Amino acid sequence: DQQVKQNSPSLSVQEGRISILNCDYTNSMFDYFLWYKKYPAEGPTFLISISSIKDKNEDGRFTVFLNKSAKHLSLHIVPSQPGDSAVYFCAALSNTGNQFYFGTGTSLTVIP
Amino acid sequence: GAGVSQSPRYKVAKRGQDVALRCDPISGHVSLFWYQQALGQGPEFLTYFQNEAQLDKSGLPSDRFFAERPEGSVSTLKIQRTQQEDSAVYLCASSSGFNEKLFFGSGTQLSVL
């Protein structure tokens, strides 16, 4: 069963506008969440993370929001740039385990 | 090294052949993970090492899969008697400690014909 879900396989956004990528999880023991970005033929690269003690973390154009009651997190990219076009994976770590659980990814296309 | 290095980059195997995939983690990283990523899916956990100890191998899909990290640095994932369903990208990742973010290699794309 998929404990981390990204229900939107793809998203297209105009350059300069906001991109919002969503992620839902089912395991209430998850307490650390990360977003990874992946270009074709490369491994995923770390983008931003958030601990469950926070509800927001910001790093430049990237902000991650966590809603623990809804078991939902989102990644906001503003303003979006063509170089942001990639597949974005949401990942979660349980406070009782050592393996990261990944979603199936959302392919973002930023249109110039 | 500067990053996680994996070799080979691509591997084509005939069904039934044994393969060995290598991972060279970031120097000093104690934690090492192997993930399998099928086309259109997210990475799926295979196994985890802390130094040379394999602490979790719950994700290995069958006893044909075997991983080792004998000196706590380089790791090898071995797949015996490969099957077509083994075709995937195999990702290695390392981290500096428990519950730290993962740094991934570029992966080995395995195709079993």
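The values are calculated or read from the model by the stated rules, or taken from the named source; none is laboratory data. In this text the structure is predicted, and so the values were computed from the model without any measurement. Note that we place each Cβ from the backbone using ideal geometry, even for glycine, and neighbour counts take in every protein chain shown.
Tabulated data
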{"read-out": "From B:Asp86, B:Asp24, B:Asp18, residue being in contact with a Gly (Cβ under 8 Å, 6 or more places away or on another chain) and at pLDDT 95 or above", "value": "B:Asp24"}
{"read-out": "Set B:Ser5, B:Ser27, B:Ser31: member being polar (S, T, N, Q), away from chain A (no Cβ under 13 Å) and in contact (Cβ under 8 Å) with a residue 12 or more places away in the chain", "value": "B:Ser27"}
{"read-out": "Subset of region B:4-17 that is assigned to a loop (DSSP other than H, G, I, E, B) and under 15 Å from the mean Cα position of the chain (by Cα) - its residue that is surrounded by the fewest Cβ atoms within 10 Å (Cβ to Cβ)", "value": "B:Arg9"}
{"read-out": "Filter result for the condition that a residue is in contact (Cβ under 8 Å) with a residue 24 or more places away in the chain, of a type outside the set (S, T, N, Q) and buried (at least 21 other Cβ atoms within 10 Å of the Cβ), over A:Tyr88, A:Tyr39, A:Tyr32", "value": "A:Tyr88"}
{"read-out": "Enumeration of residues in region A:75-112 that are closer than 22 Å to B:Ser95 by Cα, out of contact with any Gly (no Cβ under 8 Å at 6 or more places or on another chain) and small (Gly, Ala, Ser)", "value": "A:Ala92, A:Ser94, A:Gly97"}
{"read-out": "Qualifying residue in region A:13-22 (condition: assigned to a strand (DSSP E or B), within 11 Å of chain B (Cβ to nearest Cβ) and within 19 Å of A:Val110 (Cα to Cα))", "value": "no"}
{"read-out": "Selection count where residues are within 15 Å of B:Val19 (Cβ to Cβ), of a type in the set (Ser, Thr, Tyr) and assigned to a strand (DSSP E or B), scope region B:87-109", "value": "2"}
{"read-out": "Exclusive hit being over 11 Å from the mean Cα position of the chain (by Cα), at pLDDT 95 or above and within 14 Å of chain B (Cβ to nearest Cβ), set A:Tyr25, A:Tyr88, A:Tyr36", "value": "A:Tyr25"}
{"read-out": "Hey, A:Ala41 small (Gly, Ala, Ser), away from chain B (no Cβ under 13 Å) and more than 26 Å from B:Gly97 (Cα to Cα) or not", "value": "no"}
{"read-out": "Given (1) closer than 29 Å to B:Leu46 by Cα; (2) away from chain B (no Cβ under 11 Å); (3) among the aliphatic types (A, V, I, L, M); (4) out of contact with any Asp or Glu (no Cβ under 6 Å at 6 or more places or on another chain), number of the condition A:Leu66 does not satisfy", "value": "(4)"}
{"read-out": "Residue that is nearest to A:Pro40 (Cα to Cα) [pool: residues in region B:81-113 that are within 14 Å of the chain's Cα centre (by Cα) and away from every other protein chain (no Cβ under 14 Å)]", "value": "B:Leu110"}
{"read-out": "Neighbours by Cβ (under 6 Å, 6+ apart or cross-chain): first from region B:39-59, closer than 19 Å to B:Lys101 by Cβ and more than 7 Å from chain A (Cβ to nearest Cβ); second among the basic types (Lys, Arg) and crowded, with 16+ Cβ neighbours inside 10 Å", "value": "B:Phe49/B:Arg69"}
{"read-out": "Verdict on A:Ser80 being polar (S, T, N, Q) and either surrounded by fewer than 16 Cβ atoms within 10 Å (Cβ to Cβ) or not in a loop (DSSP other than H, G, I, E, B) (or both)", "value": "no"}
{"read-out": "Scan of region A:91-112 for residues that are touching a strand residue (DSSP E or B) at 6+ places or on another chain (Cβ under 7 Å), of a type in the set (S, T, N, Q), outside any strand (DSSP E or B) and touching a residue at least 24 places away in the same chain (Cβ under 8 Å), ordered by number", "value": "A:Asn95"}
